[in-house]
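Q: Mind looking over this structure? Questions follow.
The values are calculated or read from the model by the stated rules, or taken from the named source; none is laboratory data. Here the structure is a predicted model, which means the values were calculated and not measured. Positions of Cβ are backbone-derived with ideal geometry, glycine not excepted, and every protein chain shown enters the neighbour counts. What goes into the accessible areas is simple: the full protein's heavy atoms, side chains included, and nothing from ligands, DNA or RNA. Shrake-Rupley method; radii C 1.70, N 1.55, O 1.52, S 1.80 Å.
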Amino acid sequence: MPNPIAYLMLLMWPFVCLVLFRTQSVERAIIWSILGGYLLLPPLAEFNLPLVPAMDKVSIPNLSVLAILVFATNHKVQLVPNSRLATVLVGMLILCAIPTVLTNREPILFEVLRDADPILFLVDALPGQSVRDIGSVLIAQALTVVPFLVARQFLSSDTGLREILLALMTGAIAYSVPSFIEIRFSPQMNVWVYGFFQHSFEQTMRAGGYRPIVFLPHGLWLALFVCMAAMSAAALARMTPKVDRWKAVLWSLYLLLFLLACKSAASIAYGMLLVPLIYFAPRRWLILLATLFAMIAVTYPMLRNLNLIPTHAIVAKVAEANVDRAQSLGYRFNNEAQLLERAAQKPAFGWSGWGRSLVRDDEDGEILTIPDGRWIIVFGSFGWLGYIAEFGLLALPLLLLGRHVLRHPRAELSPYIGAVSLILGVTLMDMLLNATLTPFTWLTAGAVMGYTE
């Protein structure tokens, strides 16, 4: 149960954002309002108000940034993208709430027949969606996409792109202090500050030690953040004058060591592959690799629905290297298969909220599957409409930028766009296995979209 400090932090954050906008450049204020909230605000704690979505560590910073830009600055905010396709996808993402709610009005009942009695006993039930829920879901979807729309306008310049990389690097360096304390003494920061532990403690134990979590939802989230920070440090080191470059390289190496200490195999693999690539490879290569990642992220769920992914062969191949990782991957694939069967019952608009998309025991309602990948969560909740809108909007900037690079191989490119694009691309890849979509992902996608436009 969150303590009063948790709720006080949520209440204070709009004022923190206002101070940032009063004292920093608009690019830095936007980035740190979103990223700072993600890193520092308590997970799970929220204010539940009637007829509006929960106000938490995601919605409060997003709403604060939008309100301050509109009402407390002289900037003319233009939320509509120049790209027609992007505008359509934004509209789909927000408005998909309407058909999803309207097609899930019925409750889901869990009943059991006991002692050969012909009477069914109601054990549990999941509520149906009402028309009143449409407004709440619409607002939630609109707030989700705010970082994308704001970053598209304000973070698409060289200054904005560099500030994104600098924020990731400095944020991770600062976050390493509580993280190494947790690695040494076990993950307790959230307990010490906010009075509760936000996840399963067993999942923080890995390889005879602990992997840190601090104030994030899971250790996997923190590891991916550190991976992106190491990539950012490599990009900044590449652009640093030679006389001072060794300092930036040392920070890159430090963040790679921090990444190893996070004990997340996928993020470590990303970091070890991509950090040297960012430092040495041409920007054009980085953009094309990011585009490839986006294409895989968009097409994988479609192929998975058609049973064209050889999951058994993949698990067998992984087992040759690491049996534990193969078992974990097999568990994920099995969960996906069951959730896809559930989603196939309402493929167009999904099952909506309240955990209605999960596979449960028919009698007692016990949850039998745990969704891991972001794509299966979106597909189960909002169907094809929501999936195409969300993943299409996140991948579109990379697809457009990749097409531009192929058509204009000698085009002048920002020195930072390759790294920012690759950070977005690797996040899309990670979302196939984990629900690691964060407000900063939307921020990065919006910056790349604005640069592309």
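Q: Among the numbered conditions (1) within 21 Å of Leu149 (Cα to Cα); (2) surrounded by 22 or more Cβ atoms within 10 Å (Cβ to Cβ); (3) of a type in the set (D, E, K, R), tell me where Glu453 comes up short.
A: (2)
Q: Still on this model: Quick one: which of Gly392, Gly425, Gly450, Gly386 is modelled with pLDDT of 90 or more and farther than 27 Å from Leu306 by Cβ? I'd like the intermediate steps shown before the answer.
A: Values: Gly392 fails: farther than 27 Å from Leu306 by Cβ; Gly425 fails: farther than 27 Å from Leu306 by Cβ; Gly386 fails: farther than 27 Å from Leu306 by Cβ.
When all the criteria are applied, what remains is Gly450.
Q: In addition: Taking region 42-74, which residues are closer than 20 Å to Thr23 by Cβ and part of a loop (DSSP other than H, G, I, E, B)?
A: Of everything in region 42-74, those that are closer than 20 Å to Thr23 by Cβ and part of a loop (DSSP other than H, G, I, E, B) turn out to be Ala72, Thr73, Asn74.
Q: Give the residues of region 130-189 that are of a type in the set (Ser, Thr, Tyr), part of a helix (DSSP H, G or I) and over 30 Å from Ser83 (Cα atoms), sorted by residue number.
A: Thr170, Tyr175, Ser176, Ser179
Q: Same structure again: Can you give me the number of residues within region 312-339 that are farther than 22 Å from Met302 by Cβ and touching a helix residue (DSSP H, G or I) at 6+ places or on another chain (Cβ under 6 Å)?
A: Residues in region 312-339 being farther than 22 Å from Met302 by Cβ and touching a helix residue (DSSP H, G or I) at 6+ places or on another chain (Cβ under 6 Å): 4 in total.
Q: Also, I was wondering about something else. Search region 233-247 for residues being assigned to a helix (DSSP H, G or I) and open to solvent by 20 Å² or more (accessible area, probe 1.4 Å), and hand back the single one that is farthest from Met272 (Cα to Cα).
A: Val243
Q: Pick from region 204-228 the residues that are in contact with a Gly (Cβ under 7 Å, 6 or more places away or on another chain) and of a type outside the set (Val, Ile, Thr): which of them is farthest from Ala167 (Cα to Cα)?
A: Of everything passing the filter in region 204-228, Arg211 is farthest from Ala167 (Cα to Cα).
Q: Out of region 340-373, which residues are within 24 Å of Ala297 (Cα to Cα) and open to solvent by 60 Å² or more (accessible area, probe 1.4 Å)?
A: Within region 340-373, Glu341, Ala344, Gln345, Phe349, Ile370 meet the criteria.
Q: Could you please tell me which pairs satisfy a Cβ distance under 9 Å, a separation of 6+ or placement on different chains, a first residue in region 436-449 that is of a type in the set (Val, Ile, Thr), and a second residue that is in a helix (DSSP H, G or I) and open to solvent by 10 Å² or more (accessible area, probe 1.4 Å)?
A: Filtered contacts from region 436-449: Thr436/Leu220; Thr436/Trp221; Thr436/Arg374; Thr438/Tyr38; Thr438/Trp221; Thr444/Met228; Val448/Arg152; Val448/Leu400.
Q: Please enumerate the residues belonging to region 374-418 that are open to solvent by 50 Å² or more (accessible area, probe 1.4 Å), touching a residue at least 60 places away in the same chain (Cβ under 8 Å), farther than 20 Å from Ser83 by Cα and part of a helix (DSSP H, G or I).
A: Of everything in region 374-418, just one residue is open to solvent by 50 Å² or more (accessible area, probe 1.4 Å), touching a residue at least 60 places away in the same chain (Cβ under 8 Å), farther than 20 Å from Ser83 by Cα and part of a helix (DSSP H, G or I), namely Arg374.
Q: So in region 294-334, with the set limited to residues that are at pLDDT 85 or above and of a type in the set (S, T, N, Q), which one is least open to solvent (accessible area, probe 1.4 Å)?
A: Selected residue: Thr299.
Q: Please tell me if Val77 is over 21 Å from the mean Cα position of the chain (by Cα), among the β-branched types (Val, Ile, Thr) and not in a helix (DSSP H, G or I).
A: yes
Q: Still on this structure: Of Leu286, Leu256, Leu250, Leu260, which residue is buried (at least 23 other Cβ atoms within 10 Å of the Cβ) and modelled with pLDDT of 90 or more?
A: It is Leu286.
The rows are residues; the columns are (1) under 30 Å from Gly128 (Cβ atoms); (2) touching a Leu at 6+ places or on another chain (Cβ under 7 Å); (3) assigned to a loop (DSSP other than H, G, I, E, B).
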{"position": "Ala6", "(1), (2), (3)": "no, no, no"}
{"position": "Arg22", "(1), (2), (3)": "no, no, no"}
{"position": "Ile30", "(1), (2), (3)": "no, yes, no"}
{"position": "Asn104", "(1), (2), (3)": "yes, no, yes"}
